[in-house]
Every structure is written in C-alpha cells, then in structure tokens.
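FYI, it's all coordinate maths here, none of it is from the lab. All figures in this text were calculated on a predicted structure; none of them were measured in a lab. All Cβ positions, glycine included, derive from the backbone under ideal geometry; neighbour counts span all protein chains shown.
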Amino acid sequence: MSQYQENATIIRFEQLTDTNVRLTLQTEEIAQAAKPGQFVMIRAGKSKDPLLRRPFSIHQTSSNGRMQVLFKVTGRGTGLLAHCKEGETLSVFGPLGRGFSIDPARPVCLVGGGMGIAPLLFLAKRICQVKQNTETDMIVLGGRTRKEIEPLLSDFQFFDIGIMTVTDDGSLGMHGMVTDVLKTLSLPNNCIVYTCGPEPMMKSVAALCREQKVDCQVSVESVMACGMGACLGCTIKAKDDRYVHVCSDGPVFKTEDLGWNL
Amino acid sequence: MEFVGNHDPFPDLRVKIGALELQNPVLTASGTFGYAREFVDLVNLHRLGGVVVKGISLFPRMGNPPPRIVETACGMLNAIGLENVGVDRFIELKMPYLRGIDTQIIVNILGDSLEEYRHITEKLSQVPGIAAIEVNISCPNVKKGGVAFGSDPDMAAAVTRVVRDNTSLPVIVKLSPNVTDISLIAMAVEQAGADAVSLINTLIGMAIDLRTKRPCLANVIGGLSGPAIKPVALRMVYLVARSVSIPVIGIGGIESAEDALEFMLAGATAVQVGTASFINPRASEEVVEGIGDYVIREKLQSVRDIIGALESD
Ligand SMILES: Cc1cc2nc3c(=O)[nH]c(=O)nc-3n(C[C@H](O)[C@H](O)[C@H](O)COP(=O)(O)OP(=O)(O)OC[C@H]3O[C@@H](n4cnc5c(N)ncnc54)[C@H](O)[C@@H]3O)c2cc1C
Ligand SMILES: Cc1cc2nc3c(=O)[nH]c(=O)nc-3n(C[C@H](O)[C@H](O)[C@H](O)COP(=O)(O)O)c2cc1C
Ligand code: FES
C-alpha cells in the first residue's frame with residue numbers, strides 16, 4: 001500500500017460538459033500502484049486558499065504511468081481545477097484508501113450515478129482483466145441527462161459487459177432511476193453489486209441488494225483533510241454505532257458494515 | 001578549522017528542551033501526524049526532531065459525530081473530539097513501531113480529571129522509548145463544570161503538578177490560546193514544574209452554512225488551525241518567551257522553514273508542524289531541510305543562534 005506525492009503534468013484537459021471535466025495526468029508511481037476504488041488527493045492551485053487538497057476517485061490508469069480523474073465543478077477547489085491548462089502541473093498524492101474487492105469467480109453488476117461513474121471505469125477494466133467470462137455481467141450508468149452520460153459511455157463500450165443507461169429525464173436509455181433498471185434485472189444470488197453515486201442512490205441500491213440477498217460494495221464520500229488516516233476528520237457512522245474513517249477504512253465498504261438504516 | 005569555501009553539509013541544528021535533546025528543532029504537532037506510521041512512505045521519519053503523537057486518554061474515545069472538519073479561509077476548523085485508542089492499546093499497538101524510529105517520541109496526553117492525567121502519566125512512565133510527555137490542557141475539566149484546565153492558572157498548575165509528580169520524563173505543557181492572558185498560564189505551569197511549554201493549540205471558532213442555516217460542524221464549534229492562525233500564534237510565543245525561562249515550542253500555521261524561523265526569532269526553541277502535513281505530507285521534513293539551508297546560508301554556528309534573536313528598536 002505504497003503512497004506517493006508527485007507533481008503530475010496535465011497531459012490532457014477535456015471539458016466534457018458545462019460542469020464536467022476529465023484530466024489526464026502523468027503520474028508515474030501513483031498510476032502503477034493504484035487499484036480500482038482508490039482515490040487521490042489533488043491540490044487545487046498553489047496558494048494557501050483554498051488550503052486543503054480535494055479527494056477524487058481514480059477514473060483509470062494506463063501502463064505508461066498515466067491516470068485520469070473525472071469531476072464535476074461544485075465549488076472553489078473544483079472550479080480552480082477546471083481552469084487548469086495542459087502542460088501545467090498539479091500536486092497529486094495517492095493512491096489512497098481501500099478499493100473494491102474483486103472475486104473472479106462471481107458475476108458482477110456495476111451501478112454508477114453521475115460522477116459516481118468515475119471509479120467504475122477502472123473497476124470494469126480490472127474485472128475484464130481477471131475474469132474469463134463477463135457474459136452475465138452488467139453495467140448500469142445513470143445520470144440526470146443524456147449530456148452527462150454520453151461522453152462516458154464510449155469508454156465502457158470497450159468491454160465485453162452489457163451496458164444499460166438510465167436518465168432522470170429519459171433523454172438517454174430508460175426514464176427513471178438506476179434502481180428501476182436494477183429491478184428489471186434478475187441478479188444471480190452469488191452476484192456482487194458495486195455502486196458509487198449520490199448517497200440516496202447508493203442507499204436505494206443497497207436496500208434493493210439486501211432484499212435480493214446480494215452482496216453490495218459502495219464507495220462513499222466524506223469531507224477530508226489529509227486523506228491518509230492522520231486527521232481523523234472523515235468519520236462516518238458504521239454498524240453498531242461505531243465510527244469508521246472513509247479515507248483509510250474505505251472509501252469502499254460492504255453496505256452491511258455501514259450504519260445505514262435501510 | 002572550519003571548512004573553507006565549500007559549506008558545511010551538516011549544519012548544527014541541535015536544540016535542547018530541558019533534558020530532552022533534539023537533533024533539530026522540528027517536531028510534528030499532535031493530532032496532525034497520526035502515530036507517524038501513516039507517513040512512512042512519504043517522510044524520512046528519522047530526520048525529524050521528534051514526533052508528537054495524537055492525544056491519548058486513559059480509555060479509548062470515540063470522538064465527535066461527523067462532520068468533524070470544515071475548511072475556512074486559509075485554515076480549517078476541527079472538532080475531532082479527541083478520538084483515540086486509549087493508553088493501553090497505544091502502548092501495545094503503536095509504541096513498538098514508534099520506538100524503532102530514530103527520533104524523539106513525545107506522547108500527548110489528555111484527561112477530564114486530575115486523576116485521569118495521573119493514571120496515564122503513571123502508565124506511560126513505565127514504557128521504554130518515550131522521550132517526553134506533552135500535556136494537553138485544553139480539555140474540559142468535568143469536575144469543574146467543563147471549564148478547560150488550560151483556561152485557569154490554578155487548574156493549569158494543578159494538572160502540571162500531577163504529571164510532574166508522577167514521572168521523571170520531561171514534561172511539556174501545551175497551552176490553550178483561548179485565554180485572556182496566556183503568559184499568566186505559562187508562568188503558573190512553569191512554577192508547577194513544567195520543563196517547557198508548547199503553544200498554541202487551536203483557536204476556538206465556528207462556521208455556518210448559509211444554505212442549510214446550520215453550523216458546519218456537528219459539534220457547532222471547533223478549533224481553528226493552519227496559516228490563518230500564524231500571526232496570533234507568533235504573538236503569543238513572543239509574549240510567553242519573555243515571561244518564562246523554560247523553553248518554548250512554537251506552533252501555529254507553520255508550513256515552511258521561513259515560518260519556523262520566525263517563531264524561533266520570537267523566542268521558540270523548537271517548533272511543531274501541524275495542519276501543513278495534511279496538505280504536504282513532507283512539510284515537516286522540508287522544514288528541517290530549509291532550516292539547515294538557512295543556517296548554512298547565514299553562516300550561523302548553530303540554529304540556536306537565532307532563538308529569541310528578534311531585533312527591535
Ligand atoms: C473518496 C472520494 C472520491 C471522490 N471522487 C470524486 C470524483 O471522482 N469526481 C468528483 O466530481 N467528485 C469526487 N468527490 C467529491 C469531491 O471531492 C468534491 O466534489 C470536492 O472536494 C469539492 O470541492 P470544491 O472545493 O469544489 O467544493 P466546496 O464545496 O467549495 O468544498 C468545500 C469543502 O467541502 C469538501 N467537500 C465538498 N463536497 C464534498 C463531497 N461531495 N465529498 C467530499 N468532500 C466534499 C471539500 O473537500 C472542501 O473541503 C470525491 C470525494 C471523496 C471523499
Ligand atoms: C485535526 C487536528 C487534530 C488535533 N488533535 C490534537 C490533539 O489530539 N492534541 C493536541 O494537543 N492538539 C491537537 N491539535 C492541535 C495541533 O497540534 C496544533 O496545536 C494546532 O493545529 C495549531 O497548529 P497548526 O496551525 O500548525 O495546525 C489538533 C489539530 C488538528 C488540526
Ligand atoms: S481524511 Fe484525514 S483521517 Fe481521513
């Protein structure tokens with residue numbers, strides 16, 4: 001579980017929508033060491049304000065030491081990152097946290113909503129590397145509109161895994177929510193569902209999985225200062241009223257380990 | 001004779017905090033460096049002057065509900081609530097690793113009664129590998145209606161005495177800035193037998209989310225740290241260094257060697273790097289390197305030459 005702090009050059013800057021940006025970074029060690037579901041802390045700008053790094057899931061890595069992050073502009077930090085230019089460098093620290101656990105023998109279903117799709121590309125890639133057969137596997141991508149999902153869709157089409165899309169306004173795929181799609185699928189009971197997205201979405205996916213007695217791994221968020229277990233600021237409620245730290249115990253958890261009242 | 005031409009590659013950075021000898025004046029601040037192991041991939045721990053570990057209480061504490069942290073202008077507020085594994089598990093699980101680092105290990109302790117401080121001190125005094133105890137007196141005294149020990153000279157002195165009387169290790173008392181006159185507290189703990197004081201702990205503050213009309217922290221109030229507090233900390237270090245004759249350790253918003261050297265000019269014998277480690281995990285080691293470069297560049301005999309060397313008219 002080695003960690004590195006690198007000055008990563010921005011190789012490519014892509015404005016996917018008005019608010020969504022994808023950065024390709026040259027980060028030798030981090031890209032080599034990263035596992036699906038892990039994240040990096042990126043410093044937005046070089047000044048004392050905003051002070052803290054921002055956490056981002058690793059979208060995918062390449063064998064030539066590159067790494068992508070995909071984010072939505074939601075505030076000052078992401079706003080600054082959205083103004084970066086190719087050739088500039090960013091201080092990146094990672095890979096951090098515990099990622100998804102993969103069992104090559106079991107069928108999977110990946111369920112992503114909005115920016116929660118980010119870590120699932122890396123996961124899908126790894127699953128295809130370790131599994132012989134992905135015929136019964138499934139990817140469900142949800143978002144508000146076609147515009148949000150479409151730029152991401154083509155990357156997932158590289159895999160031999162069935163994809164279903166769903167949007168709030170019906171502009172792409174099914175009209176509704178990811179759980180509406182999940183209900184139409186009959187998940188095999190040894191299936192693992194992996195999900196990342198807005199918390200209400202993940203909770204309804206988790207509730208559905210519980211009903212169907214299917215294992216579910218979620219990637220959750222919390223505010224973070226250090227991202228590495230030093231500040232103890234990123235706690236969330238786990239089962240039995242205990243606390244866990246999202247950055248070091250997670251960000252991926254089995255839903256039954258969390259204190260979610262499903 | 002000294003080296004001619006080429007500079008001395010090994011500047012003298014040693015300082016003494018009472019009986020505690022540090023290879024350089026840079027320590028990590030409690031609660032911002034975990035139990036050091038978290039940083040081993042990123043920092044050469046052996047190069048640090050010392051490591052001050054996360055505050056330890058007699059029994060494990062769960063800490064406060066989330067959200068526990070919020071970013072503010074050039075700083076952050078935290079209300080971690082002193083989450084820690086408790087002294088017994090600390091000794092069992094954390095000390096074996098810490099002992100292996102070639103630096104001074106300082107254990108930060110906290111309690112909500114004098115009894116608790118006494119118990120922890122007794123337990124830690126039996127443990128090999130601990131170089132000193134830093135006493136966090138910013139905690140509420142349960143028996144006195146939750147008033148912080150550190151806010152009253154008598155209570156601060158009482159805690160200091162309890163720790164002093166139960167250990168032969170150097171005792172550093174960490175002062176709270178949330179007081180009217182920090183020098184009074186510093187003088188009281190000096191009288192009570194402290195070997196050194198460290199300051200400042202976080203400044204209490206608050207942040208509100210206008211959108212939700214709620215406090216940003218579940219605990220409502222939290223402690224402010226980071227570059228935002230540096231001027232306040234510098235002034236307090238300056239005042240305290242002039243009021244006591246024991247060594248002062250400067251803390252508050254230190255990110256660079258320049259920041260650290262300013263605290264030393266104001267009278268600090270050593271410094272602690274806190275929040276900066278979250279943004280740059282290597283911050284503490286870089287401060288060590290930067291101070292070394294400064295000593296060479298300014299052709300000082302030793303870093304000790306700048307302690308309290310502030311010039312004024
Ligand atoms: C493990 C992890 C992975 C993440 N991966 C992605 C990703 O791949 N793509 C993406 O778009 N976003 C991701 N996020 C959320 C992202 O970190 C926040 O959107 C971002 O920090 C907002 O910063 P800001 O300065 O733009 O917003 P501001 O609202 O100005 O931020 C203020 C403070 O709130 C914190 N904050 C605000 N929103 C969040 C949030 N949702 N989660 C955690 N902290 C928050 C910030 O870190 C900062 O300290 C992830 C969060 C975590 C914890
Ligand atoms: C997240 C966090 C946790 C802290 N925990 C402790 C603690 O357990 N004990 C203590 O004495 N001080 C604690 N502090 C205070 C710091 O050690 C330091 O005094 C303060 O943050 C000011 O320094 P800085 O501005 O460099 O961070 C904590 C600070 C932060 C930010
Ligand atoms: S973010 Fe600091 S401990 Fe998790």
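Overview of values
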{"item": "For segment A:142-205, alpha-carbon Rg over 2.2 N^0.38 Å", "result": "1.13"}
{"item": "Relative contact order [Cα under 8 Å, 6+ residues apart], segment B:86-135, whole percent", "result": "48"}
{"item": "Nearest-0.05 FRET efficiency for B:E289 and A:S186, computed from C-beta distance (R0 56 Å)", "result": "0.40"}
{"item": "Residues whose placed amide H lies under 5 Å from that of B:T28, excluding near-sequence neighbours", "result": "B:G50, B:V51, B:V52, B:V273"}
{"item": "Within a Gaussian network of chain B (alpha carbon springs, distance under 10 Å), most fluctuating of B:V70, B:V52, B:V240", "result": "B:V70"}
{"item": "Percent RCO, i.e. relative contact order, over chain B, from Cα pairs under 8 Å lying at least 6 residues apart", "result": "20"}
{"item": "Size of electric dipole in segment B:104-151: Cβ of Lys, Arg +1 and of Asp, Glu -1, about Cα centre, debye, nearest 20", "result": "80"}
{"item": "Rounded to whole Hz, the Karplus (6.51, -1.76, 1.60) HN-Hα couplings of segment B:177-185, x for glycine and proline", "result": "x, 8, 9, 6, 9, 5, 5, 4, 5"}
{"item": "Ascending count of other beta-carbon atoms within 10 Å, so fewest first, for A:D241, B:D305, B:D181, B:D259", "result": "A:D241, B:D181, B:D305, B:D259"}
{"item": "P(r) weight above 36 Å for the protein assembly as shown, C-alpha pairs, percent", "result": "40"}
{"item": "B:I56 long-range amide H proximity, modeled H, under 5 Å", "result": "B:N108, B:I109, B:L110"}
{"item": "GNM top mover of B:V147, B:V173, B:V244 - chain B, alpha-carbon springs below 10 Å", "result": "B:V147"}
{"item": "Between 0 and 90°, nearest 10: helix B:283-297 axis offset from chain B longest Cα axis", "result": "30"}
{"item": "Segment A:108-257, relative contact order [Cα under 8 Å, separation at least 6], %", "result": "20"}
{"item": "GNM top mover of B:Q191, B:Q272, B:Q104 - chain B, alpha-carbon springs below 10 Å", "result": "B:Q191"}
{"item": "Dipole of segment A:20-104, positive end: most advanced residue of A:L90, A:L70, A:G45 [Cβ charges, Cα centre]", "result": "A:G45"}
{"item": "Greater than 21 Å apart at Cα, pairs in A:K46/B:K230; B:K16/B:K123; A:K203/A:K237; B:K94/B:K123", "result": "B:K16/B:K123"}
{"item": "Whichever aspartates and glutamates have a C-alpha closer than 13 Å to that of B:K143, once near sequence neighbours (fewer than 8 apart) are set aside", "result": "B:D112, B:E115, B:E116"}
{"item": "In Hz, Karplus ³J(HN,Hα) per residue of segment B:147-153 (6.51, -1.76, 1.60; θ = phi - 60°; x = Gly, Pro)", "result": "5, 5, 3, x, 8, 9, x"}
{"item": "Using θ = phi - 60° and Karplus 6.51 cos²θ - 1.76 cosθ + 1.60, couplings along segment B:79-94 (whole Hz; Gly, Pro as x)", "result": "9, 5, x, 6, 3, 6, 7, x, 5, 5, 5, 4, 5, 6, 9, 9"}
{"item": "Length gained when the stretch A:R210-A:E29 is fully extended (0.36 nm per residue, less Cα-Cα span)", "result": "61.3 nm"}
{"item": "Length gained when the stretch A:T89-A:T145 is fully extended (0.36 nm per residue, less Cα-Cα span)", "result": "16.9 nm"}
{"item": "Farthest toward positive dipole pole in chain A [+1 Lys/Arg, -1 Asp/Glu at C-beta], among A:T235, A:P198, A:G143", "result": "A:T235"}
{"item": "Computed [θ] at 222 nm, helices only, for chain B once each DSSP H run of length n ≥ 4 contributes -39500 (n - 2.57)", "result": "-8000 deg cm²/dmol"}
{"item": "Within chain B, percent of DSSP bridges classed antiparallel, to nearest 5", "result": "40"}
{"item": "Net charge dipole size for the protein assembly as shown [Lys, Arg +1 and Asp, Glu -1 on Cβ; Debye, nearest 20]", "result": "1080"}
{"item": "Which of B:Y35, A:Y194 has the fewest Cβ neighbours within 10 Å, and the rest in rising order", "result": "B:Y35, A:Y194"}
